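Report on the structure given below.
Just so it is clear, none of the values below were taken in a lab; they were calculated from the coordinates. These figures come from a predicted structure and were not determined experimentally. Glycine gets a Cβ as well: all are built from the backbone with ideal geometry, and neighbour counts include every protein chain shown.
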Protein chains: 2
Amino acid sequence: MIGQSNTVVSTHTLFEVTDQPLSVDDLVEVVLTEGDGAVVTFVGTVRDNTNGRKVVALEYEAYAEMAEAEMHRIGVEVIEKWKLHGIAMRHRTGKLSIGEISVVIATSAPHREAAFEACSEALDLLKARVPVWKKEYFEDGEVWVGQGAG
Amino acid sequence: MIGQSNTVVSTHTLFEVTDQPLSVDDLVEVVLTEGDGAVVTFVGTVRDNTNGRKVVALEYEAYAEMAEAEMHRIGVEVIEKWKLHGIAMRHRTGKLSIGEISVVIATSAPHREAAFEACSEALDLLKARVPVWKKEYFEDGEVWVGQGAG
């Protein structure tokens, strides 16, 4: 099984692909431990334009099992590098309207610097490595955009 | 009135001191606009230790009117510098238990880089300038800590 040798020991982790609406408070609750003074979250949302062209909706598709395994691997790397107490990543799939949340990442640490750096880095790694595809719906057509875009 | 000449024109702002529990999702909703692809939040929480000494609770006191005016000024500065669409800061007061949220900051922007930088900077400015005092309760005593600590 992919990533088995790298299992996160912390119980304060979560790596999930879901078609349900996302809550930021839920992920804060997952990652927070009594030793933490800081949680940083990134919330990705559906923007009404891309490169100046009006967007009316976005659709996300993921190979869920592979995406969750890759998020897990990223979680292990980021926890070790930044000495985090917890990390969670939840990506939504399906067709989303403007303003809806597509992804949430949360990192927890004793102090704020590590939580900020780790959250930003986890997001970059997610965009580079996690297999999620995005379809942009414009007023006059639609186009699939590869992993790593946006 | 302090800060009147610097009034934030965006309606996607909030600067508040409250004795009620804090929700991260509430602040995300305040700052998010249709032109945003990114919201970053910082969530400050009550940690069970400080410099290795066990903490059992924290108490925050603020001069609310001054604190809100200073958060407003910081918001104006950070919005202008990072071209944000929204920013919100809500600080809780009163006696909090381990794991409770003491402060939430949320920033929204079209792209993630500005949202991260702005959130981190707003937090540094809040700690440096906003008049909030903290009492640390230890197992064997308590001590008031000035603005800017922790």
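Data for the structure
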read-out: A:Ser102 outside any helix (DSSP H, G or I) and within 12 Å of the chain's Cα centre (by Cα); value: yes
read-out: Residue list for segment B:22-31, filter: closer than 20 Å to B:Val76 by Cα and surrounded by fewer than 24 Cβ atoms within 10 Å (Cβ to Cβ); value: B:Glu29, B:Val30
read-out: Some residue of segment B:19-42 being closer than 30 Å to B:Tyr137 by Cα, over 14 Å from the mean Cα position of the chain (by Cα) and without any contact (Cβ under 8 Å) to a residue 40 or more places away in the chain; value: yes
read-out: Looking only at segment A:87-98, and only at residues there that are in contact with an Asp or Glu (Cβ under 6 Å, 6 or more places away or on another chain) and within 14 Å of chain B (Cβ to nearest Cβ), the one that is farthest from B:Thr107 (Cα to Cα); value: A:Arg90
read-out: Segment A:60-86, subset within 14 Å of chain B (Cβ to nearest Cβ) and part of a strand (DSSP E or B), residue surrounded by the most Cβ atoms within 10 Å (Cβ to Cβ); value: A:Gly86
read-out: Filter pass, A:Glu34 being buried (at least 19 other Cβ atoms within 10 Å of the Cβ), farther than 27 Å from B:Pro110 by Cβ, out of contact with any Lys or Arg (no Cβ under 6 Å at 6 or more places or on another chain) and not aliphatic (A, V, I, L, M); value: no
read-out: Criterion (under 25 Å from A:Val30 (Cα atoms), of a type outside the set (Val, Ile, Thr) and touching a residue at least 24 places away in the same chain (Cβ under 8 Å)) met by exactly one of B:Ala115, B:Ala62, B:Ala69; value: B:Ala115
read-out: Segment A:35-48, residues that are of a type outside the set (Phe, Trp, Tyr) and within 7 Å of chain B (Cβ to nearest Cβ); value: A:Gly35, A:Asp36, A:Gly37, A:Ala38, A:Val39, A:Val40, A:Thr41, A:Val43, A:Gly44, A:Thr45, A:Arg47, A:Asp48
read-out: Whichever residue in segment A:105-150 is facing another protein chain (nearest Cβ under 9 Å) and of a type in the set (A, V, I, L, M) and, among such residues, is nearest to A:Leu22 (Cα to Cα); value: A:Ala106
read-out: Residue in segment B:131-149 that is within 19 Å of B:Asn49 (Cα to Cα), in contact with a Pro (Cβ under 7 Å, 6 or more places away or on another chain) and not charged (D, E, K, R) present; value: yes
read-out: Checklist (1) assigned to a strand (DSSP E or B); (2) crowded, with 21+ Cβ neighbours inside 10 Å; (3) touching a Lys or Arg at 6+ places or on another chain (Cβ under 6 Å) applied to A:Glu142, failing item; value: (2)
